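Contents: one structure, followed by commentary.
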Amino acid sequence: MNSASINIISRFVILILVQVLVLNNINFLGYINPYPYILFTILFPVRNNRTAIVFLSFILGLCVDIFSDSGGIHAAACVTIAYIRPTILKFSFGSIYDYQTIKFNQTEIGTRLTYFSIITVVHHFILFSLEVFNISKIILVLQKTLFSSIFTILLCLLITILFSNKRK
């Protein structure tokens, strides 16, 4: 195993543990619940196989579902963002994505914010739509999506900034 694989595996395990042991217990005002475990899918190396990211995202979501007793909603949301990730990468990064040379810690903060925001909002909308599963409560779904997305995006940016600076 090379260092990149060890890095991916450790990120996978640490994000799941932090999510299920600490962050699943946060439910501020009934709307804000951070889900930074999606950083695994967000930061997965671009050059890797698309099937691998979809499969690993499913396993990631399934692990969170098992610990949260949430019936597969995290797995469904994670598979969706993994599947649409190339489109969002192309939209956010443009020609850098075409050459598959994206290094997230070297991209500008605005581009990274756009990418993180789109993925997070899509993930949270699917997650909360499946959780509520009632079209008459669409306002509740949108509120939970908005507030949790803001908190998750800020947390993800903070985590990536903190850990990318330690490598430099």
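Observations, loosely collected:
- Selection within region 27-41 - touching a Phe, Trp or Tyr at 6+ places or on another chain (Cβ under 7 Å), closer than 10 Å to Phe147 by Cα and at pLDDT 80 or above: Ile32, Pro34
- Number of the exception - Ile102 against (1) buried (at least 17 other Cβ atoms within 10 Å of the Cβ); (2) assigned to a helix (DSSP H, G or I): (2)
- Of the criteria (1) in contact with a helix residue (DSSP H, G or I) (Cβ under 9 Å, 6 or more places away or on another chain); (2) closer than 17 Å to Phe104 by Cβ; (3) assigned to a helix (DSSP H, G or I), which one Ala77 fails: (2)
- Looking only at residues of region 12-50 that are under 11 Å from the mean Cα position of the chain (by Cα) and of a type outside the set (A, V, I, L, M), we find that the one that is surrounded by the most Cβ atoms within 10 Å (Cβ to Cβ) is Tyr37.
- Matching entry among Ile14, Ile32, Ile81, Ile26 (being touching a strand residue (DSSP E or B) at 6+ places or on another chain (Cβ under 9 Å), hydrophobic (A, V, I, L, M, F, W, C) and closer than 19 Å to Leu155 by Cα): Ile26
- Within the option set Ser92, Ser68, being of a type outside the set (Lys, Arg), touching a Ser or Thr at 6+ places or on another chain (Cβ under 8 Å) and at pLDDT below 95 holds for one residue only, Ser92.
- Pairs are defined by a Cβ separation below 6 Å, a sequence spacing of at least 6 or placement on different chains, a first member in region 80-91 that is within 20 Å of Gly110 (Cβ to Cβ), and a second member that is modelled with pLDDT of 95 or more and assigned to a helix (DSSP H, G or I); the pairs so defined are Ile88/Ile118; Ile88/Ile119.
- Within region 23-60, the set of residues being assigned to a helix (DSSP H, G or I), more than 15 Å from Arg11 (Cβ to Cβ) and not charged (D, E, K, R) comprises Leu23, Asn24, Asn25, Thr51, Val54, Phe55, Phe58.
- One residue from Ile109, Ile73, Ile119, Ile66 being under 20 Å from Leu15 (Cα atoms), surrounded by fewer than 16 Cβ atoms within 10 Å (Cβ to Cβ) and either of a type in the set (A, V, I, L, M) or in contact (Cβ under 8 Å) with a residue 12 or more places away in the chain (or both): Ile66
- For region 123-150, the tally of residues that are in contact (Cβ under 8 Å) with a residue 24 or more places away in the chain, surrounded by 19 or more Cβ atoms within 10 Å (Cβ to Cβ) and over 18 Å from Ser68 (Cα atoms) stands at 2.
- When region 105-144 is filtered for residues that are over 19 Å from Ala75 (Cα atoms) and charged (D, E, K, R), the ones remaining, listed by number, are Glu108, Arg112, Lys137.
- Residue in region 81-90 that is crowded, with 19+ Cβ neighbours inside 10 Å and among the small types (Gly, Ala, Ser) present: yes
The values are calculated or read from the model by the stated rules, or taken from the named source; none is laboratory data. Remember, it's a predicted structure, so these values are computed and weren't measured experimentally. Neighbour counts are summed over all protein chains in view; Cβ atoms, including those assigned to glycine, are modelled from backbone coordinates with ideal geometry.
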